[in-house]
Amino acid sequence: MVDKLTRWLPITAISTEHAKFDTQLMQNPDISGVEYQQGELFGYEVKEYLLEKWGRKCAYCGKEGVPLEVEHVVPRNPKRGPKGTDRISNLTLACEECNKAKGNLQPKEWLEKLKQSRRKLDQVRAENLPKILRKLKEPLRDAALMNTTRWVLYDRLKKTGLPVECGTGARTKYNRLRMGLPKTHYFDACCVGESTPENLAIEQEYVQVWTALGRGSRKMCNTDKYGFPVSHRARQKMYFGFMTGDLVVAEVPEGKYAGRWVGRVAVRTSGYFDIKGGTGHRVCQGISHRYMRLLQRADGWQYEKIRIEKGGSGASSPGVNAGASGAV
Ligand SMILES: [Zn+2]
């Protein structure tokens, strides 16, 4: 894909979001530049790290899908006992309710209080608290944060000969919010990496979105729930000049699906095919191949032209654009 793009566009460098947060930075916050030392970007990295470590839920009560606050397990301003630090080994994530409930108590003090309470919620918290204390000391689990695909992608990008920059998801978010851009894939893409300019002027109206769909499975037969074969795949792939995954336009003159349809075709031996939309939902079914025209042969990719929603939520336009053209 990079080769394809560089043929058409004056691309001189690649920025890729390589990780959710900067692992090295988490271990040693002193190594980095001005932006980090000023604290704001570092805050984003810490938050992404904590989300990963604590599974995107409140560490005390386990609630998900609520706003989570960075919580000092040993409080910074305790009534008694040692003062907590801002070190990552003292931080977890908590919902507002739990954060308030704990207040500036030492974890041991809070545990005593929770154990005396009859509330179900407090019992859950009392159960979780010792686990949290153990988990705080755990080093960063690399297994959860590394995947091999990421490195394979990085190596392949390097082979293009272009300079490759690796950014973190945390930095992307920091950049995007700093510029007040809405959360969409394409605005995120503009904000990847340290090279993101201070000010970004986006004058394009459309963006090309390429999605790898794959070329189907290699399965030669389907099985029932016990693993016995139930149906075999046909040897033939092509029917009436079409194969599953081809992008087609159908002009249906009459009947339930009268009108013009664009989408991916699923072929049938009968010659009456289904058409699926960009997101995989069925657009229409049982359409004769005679009403269909090939727009683009299935190549394992989906090419979409999407109108940029400036300040909106970024809904996709219904038209599917065959072949790639326009701005990326
Ligand atoms: Zn909670």
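The values are calculated or read from the model by the stated rules, or taken from the named source; none is laboratory data. Everything numeric here is computed off the predicted structure, so don't read it as measured data. Quick reminder, even Gly has a Cβ in these numbers, built from the backbone with ideal geometry, and neighbours come from all protein chains shown.
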Revision key, fill the gap. Residue 149 vs (1) out of contact with any Lys or Arg (no Cβ under 8 Å at 6 or more places or on another chain); (2) within 30 Å of residue 16 (Cα to Cα); (3) within 11 Å of the ligand (Cβ to nearest atom); (4) of a type outside the set (Gly, Ala, Ser): all pass except (3)
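Looking only at region 239-254, filter to residues that are part of a loop (DSSP other than H, G, I, E, B) and modelled with pLDDT of 90 or more; which one of those is nearest to residue 298 (Cα to Cα)? Please lay out each step first, then the result.
As a first pass, look at region 239-254 and keep what is part of a loop (DSSP other than H, G, I, E, B): 240-241, 243-246, 253-254.
Right, trim to modelled with pLDDT of 90 or more and you get 240-241, 243, 246, 253-254.
On the way: 240: 15, 241: 12, 243: 8, 246: 4, 253: 25, 254: 27 Å.
If we take residues in region 239-254 being part of a loop (DSSP other than H, G, I, E, B) and modelled with pLDDT of 90 or more, then 246 is nearest to residue 298 (Cα to Cα).
For region 209-238, give me each residue that is among the hydrophobic types (A, V, I, L, M, F, W, C) and assigned to a loop (DSSP other than H, G, I, E, B). Walk me through how you get there before you give the answer.
In the first step, residues of region 209-238 are kept if they are among the hydrophobic types (A, V, I, L, M, F, W, C); the result is 209-210, 212-213, 220-221, 228, 230, 234, 238.
Those that are among the hydrophobic types (A, V, I, L, M, F, W, C) and assigned to a loop (DSSP other than H, G, I, E, B): 213, 220, 228, 234, 238.
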Point to revise | helices (runs of 4 or more DSSP H) within region 37-119 that include 1 or more residues away from the ligand (no atom under 16 Å from the Cβ) and surrounded by 15 or more Cβ atoms within 10 Å (Cβ to Cβ) | key: 40-53, 107-116
